[in-house]
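Heads up: the structure comes next, in structure tokens.
The values are calculated or read from the model by the stated rules, or taken from the named source; none is laboratory data. In this text, all values refer to a predicted model and were calculated from it rather than measured experimentally. Quick reminder, even Gly has a Cβ in these numbers, built from the backbone with ideal geometry, and neighbours come from all protein chains shown. Protein only, heavy atoms only, side chains kept; ligands, DNA and RNA dropped before computing areas. Shrake-Rupley method; radii C 1.70, N 1.55, O 1.52, S 1.80 Å.
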Amino acid sequence: MNMQQAIKMTAAETALVDAYTAQIGDLPGDGAVLSLRDMLVDELKTAGLPTRRVESWHYTDLRTLLRAVPSADPSAFADRVDPIVPGSSVLSVRNGQADLKSVPEGIAARSYTESLIDGSAVAGLAVLGADDAIGRINGGLVRGGLEITIAEGAEFQAPIEIQVAQSHGQAHTRFPISFGAGSKATVIERHLSTNAEASFVSSVSDVTLAEGADVIWIIVQQQGPADTHLGQIRFDLGKSAKLHLFVINAGGKLVRQELHGRASGEGADLTLRGINLLGGESHTDVTFTLTHAVPHTTSSEIIRNVIFDRARGVFQGKILVAKDAQKTDAKMACNTLLLSDEADMSAKPELEIFADDVQCGHGATVADIDHTQLFYMLARGIPEKKARAMLVNAFVAEIVEELEDDEALVEALEGVISAWLEKHA
């Protein structure tokens, strides 16, 4: 007789299951949602957190790296902070609780808790596959977030900042957001910690762009030095939709940011730019997948990594071109400055092409600062520390400057980068 032996759960796995058990009578959801939560947590108990034996988690052995999970604290409270870009419209979620006091015209928004209670959220809670640990954890424990609909043809001059803040404990949030046809907006999804105590955060954003929508979506992750951040964005691009997706990781002890997209309409275009700033003994993993499902779609991805001390970075990028996706134009690059002998970077860019009339390419580089450039600056009297900082800043600033149409946004993002470099470089 064959019997499947249950795994012995780690302290972190036990803490996650215990967090669910402790809240089971208090988590929002109708019968269908609660049933799905039970299933997701049961899968976590059975399979455990992913290890390096799981291909998509090969460089981030979550079962080993996640040693502890802080207890959920319903009384935790995070103060609202000023937006990154002055004048932005702020929709805040603090310790999982939504604040909808000021919703701009052209936006319909409600607390995701309501979607859980009335059951409309159940379809969106489905995981992306057997290896979707973030979806499983978030779906089992999510309490709040925002459900947002951008009206057809709506245009916003000022950025919209979705401010996700927590003080300590656990926070699990969800953001289903749809952009109507022809709409245009800049959205800043900002994650930050307001307390030095450890936090465990999971967040999933489901973003849908209808025909002709033009969206800049910026993820700024500024968690505390002891925090774990598990983030995921799922996006679908309709006909002639344009998404400029920008990711800055400038915090966190253990970070996994997943980006999963699909170009579903002809003429869809994705531009992905990422900056990962790593120091201390942090571990940051950016995992990206994109499916070009139809003809005449384009994508461009550039990731820049700056790694100090004993930090470890990971980039996994996979572009899949379907059989019918002729005339696809896709390019991907990952460039890394490795600034310590003890630092580490693992890069795995991939192409999987089933069409025969495409232009696709990928590459990766890992290097130290160019010593010729450094010598040139030292010869002109610039102190070495300042010279190195200037070269590092130039390496990443080139990416930010692509947003030159919005000077306030460029200045704000350069401020985030400069503040991090001053502290760690």
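The table below gives the values:
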read-out	value
Dipole axis of the chain (+1 Lys, Arg; -1 Asp, Glu on Cβ), positive-most option in Ala425, Ala263, Ala158	Ala425
Residue-averaged [θ]222 nm for the chain, counting only DSSP H segments that reach four residues, each worth -39500 (n - 2.57)	-6500 deg cm²/dmol
GNM flexibility winner over the chain from Asn276, Asn138, Asn393 (Cα, springs under 10 Å)	Asn393
Thr271-Lys101 pseudo-label distance in nm [points 7 Å out on the Cα-to-Cβ vector]	3.6
Selection from Leu66, Pro86, Ser111, by position along the positive dipole direction of the range 54-117 (Cβ)	Leu66
Residue with peak Gaussian network fluctuation, the chain [Cα springs, cutoff 10 Å], from Gln23, Gln223, Gln170	Gln23
Heavy-atom accessible area order for Ser418, Ser167, largest first, 1.4 Å probe	Ser418, Ser167
Computed magnitude of the charge dipole of the range 297-377 (debye, nearest 20; Cβ of K, R +1, Cβ of D, E -1)	160
Cβ-based net charge around Ala325, under 13 Å, with every Lys or Arg adding one and every Asp or Glu removing one	-3
Stretchable slack from Asp357 to Asp30, in nm (0.36 nm times residue separation minus alpha-carbon distance)	112.9 nm
Heavy-atom accessible area ranking, 1.4 Å probe, most first, across His244, His229	His244, His229
Solvent accessible area, Å² - Leu338, 1.4 Å probe, full protein context	40
All lysines inside 21 Å of Lys242 as judged from Cα atoms, apart from same-chain residues fewer than 8 positions distant	Lys184, Lys318, Lys327, Lys331
Magnitude of the charge dipole, the range 244-297, Cβ model with Lys/Arg +1 and Asp/Glu -1, debye to 20	100
With DNA, RNA and ligands ignored, accessible area of Lys348 (1.4 Å probe; Å², nearest 10)	40
In nm, spacing of pseudo-spin labels at Ala367 and Ser418 (7 Å Cα→C-beta vector)	2.6
Highest-fluctuation residue, Arg234, Arg52, Arg380 considered, GNM on the chain with Cα pairs under 10 Å	Arg380
Estimated inter-spin distance, Lys386 and Ser340, nm [label 7 Å along Cα→Cβ]	2.5
DSSP beta bridge pairing in the chain, given as percent antiparallel to the nearest 5	5
Packing rank of 78-90, 179-191, where each peptide gets the mean count of other beta carbons within 10 Å, highest leading	179-191, 78-90
Positive-end extreme of charge dipole, the range 370-425 - chosen from Val392, Met377, Ala408 (charges on Cβ)	Met377
Net charge over other residues, Cβ less than 15 angstrom from the Cβ of Glu342 (K, R count +1; D, E count -1)	-3
Backbone N within the range 390-404 under 19 Å of label point (7 Å from Met377 Cα along the Cβ vector)	390-401
Sulfur and carbon atoms: percent of accessible area, the chain [1.4 Å]	50
R0 of 22 Å, Cβ-Cβ distance Glu281-Glu398: FRET efficiency to nearest 0.05	0.20
Exposure of Thr64 as accessible area (Å², to 10), given a probe of 1.4 Å and all protein chains	80
Total formal charge among the other residues, if their Cβ is under 9 angstrom from that of Val142, Lys/Arg +1 and Asp/Glu -1	+3
Where the chain is the region considered: accessible area per residue in Å², 1.4 Å probe	43
Gain on full stretching of the segment that runs from Lys348 to Val17 - 0.36 nm per residue minus C-alpha separation	115.9 nm
